[in-house]
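The values are calculated or read from the model by the stated rules, or taken from the named source; none is laboratory data. Computed from a predicted model, the values in this text were never measured in an experiment. Methodologically, a virtual Cβ is constructed for each residue, glycine included, from the backbone with ideal geometry; neighbour enumeration extends over all protein chains shown.
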Amino acid sequence: MNWYTEQWSKNCNFSIAYETLLHSEKSTFQQIDFYKGEEFGTFFTLDGLMMVNEKDEFIYHDMIVHPAFATNPKIKKVLIIGGGDGGTAREVLRYPTVEKVVMVEIDERVFRLCQEYLPITASGVEEDRRMELCFEDGLAYVNQANDASFDLIIVDSTDPISVGEGLFTTAFYQECYRVLKKDGILINQHESPYFAEYAENMKKAREKIKAIFPITEVYQYHMPTYPSGHWLFGFASKTHDPIKDVKVEEWKNFGLKTKYYNTDLHVGSFSLPNYVREALGNGN
Ligand code: SAM
């Protein structure tokens, strides 16, 4: 039996048994490994950290996409930063009302390898005529993007280390604000409240975004293969409140079948446990 092991904290490891190491390479940006095991199917890691697996990816991708669309069902132009596995784009492209999706992924190898080994997230994405793929740094992309050019920006990034670091900076969030339309929404990876190192990153991300956007909330979801299983996304907006403005009937009219997300859970996901509220400075 082979074991993939990830260190979740100084004193806690998480391991998954796997049968095959499907692919391993060091790209220009990071170490990329694809595994196949019984419990989670095919999964891949970047620099030794779990990114996506066949079994629980639906949770992450439902939650990074659908709350924004249920808050503003009129979203037409979407910018995805990172998201190289294609899962976020796959969910966005399910909305027939979306006209344009730009995905800016720094590492083309991640996308190409997911097309080969993880079709559950990557297949069909490149082929959709509404899709534009850019393989460059997300920070550089937003720096040169036009003012008020997107309805929604989704930051589907790695943790704030290595190549992902720039996507957790005030400068980046300010550029996102500029590039969003007047009723624009920003969804970003907000790390996790449980283990100290992740909780520190969560607090930093929150403070920076709160200083820029008038409406900022944090919502939670349960991700079995991410450290502690308790993860968060940030919801920041210029005008839309994700709880008061949720358009339940309009979202239901899209007729999308989702395995994790529903509009009851939408509202509940913004209700955070007390220790998380406190860590976020009573943010919610
Ligand atoms: N679901 C995943 C998670 O949180 O573990 C993240 C998925 S996705 C694979 C993250 C992607 O962000 C990676 O493919 C990585 O190459 C990309 N990325 C990291 N930094 C980036 C940057 N500065 N610009 C664009 N993409 C970036």
message = Being buried (at least 16 other Cβ atoms within 10 Å of the Cβ) and either within 15 Å of the ligand (Cβ to nearest atom) or among the hydrophobic types (A, V, I, L, M, F, W, C) (or both): is that true of Asn53 here?
response = yes
request  = Please state which one of Val110, Val92, Val101 is more than 13 Å from the ligand (Cβ to nearest atom), assigned by TED's automatic domain parsing to the domain that holds His190 and farther than 24 Å from Val218 by Cβ.
outcome  = Val101
key: Lone unmet requirement of (1) within 28 Å of Glu25 (Cβ to Cβ); (2) surrounded by fewer than 24 Cβ atoms within 10 Å (Cβ to Cβ) for Lys77   = (1)
task = Kindly establish whether Tyr141 is under 19 Å from the mean Cα position of the chain (by Cα), in a helix (DSSP H, G or I) and either outside the structural domain of Ile64 (by TED's automatic domain parsing) or farther than 23 Å from Tyr226 by Cβ (or both).
result = yes
inquiry  = I need a count of the residues in segment 135-157 that are crowded, with 16+ Cβ neighbours inside 10 Å and closer than 29 Å to Lys26 by Cβ.
reply    = 9
key: Lys244 of a type in the set (Lys, Arg) and within 19 Å of Val155 (Cβ to Cβ)   = no
message = So, in segment 25-39, how many residues would count as being under 19 Å from the mean Cα position of the chain (by Cα) and more than 9 Å from the ligand (Cβ to nearest atom)?
response = 0
ask   = Mind checking whether some residue in segment 22-36 is in a strand (DSSP E or B), among the hydrophobic types (A, V, I, L, M, F, W, C) and closer than 22 Å to His190 by Cβ?
value = no
inquiry  = Quick check on segment 145-152. Is at least one of its residues assigned to a loop (DSSP other than H, G, I, E, B), among the hydroxyl-bearing types (Ser, Thr, Tyr) and at pLDDT 95 or above?
reply    = yes
Flag if Thr71 is more than 11 Å from the ligand (Cβ to nearest atom) and surrounded by fewer than 20 Cβ atoms within 10 Å (Cβ to Cβ) = no
ask   = What residue, of Lys182, Lys257, Lys203, Lys244, is under 24 Å from Phe69 (Cβ atoms), surrounded by fewer than 20 Cβ atoms within 10 Å (Cβ to Cβ) and in contact (Cβ under 8 Å) with a residue 40 or more places away in the chain?
value = Lys182
note = Among (1) over 18 Å from His190 (Cβ atoms); (2) outside any strand (DSSP E or B); (3) more than 11 Å from the ligand (Cβ to nearest atom), His66 falls short only on (1)
remark   = Of those in segment 260-278 that are in contact with a helix residue (DSSP H, G or I) (Cβ under 6 Å, 6 or more places away or on another chain) and not β-branched (Val, Ile, Thr), the residue surrounded by the fewest Cβ atoms within 10 Å (Cβ to Cβ) is Tyr260
query = Within segment 54-63, can you find the residues that are closer than 11 Å to Phe233 by Cβ and either outside any helix (DSSP H, G or I) or of a type in the set (S, T, N, Q) (or both)?
reply = none
ask   = What tally of residues in segment 133-157 results from selecting those that are within 14 Å of the ligand (Cβ to nearest atom) and not aliphatic (A, V, I, L, M)?
value = 10
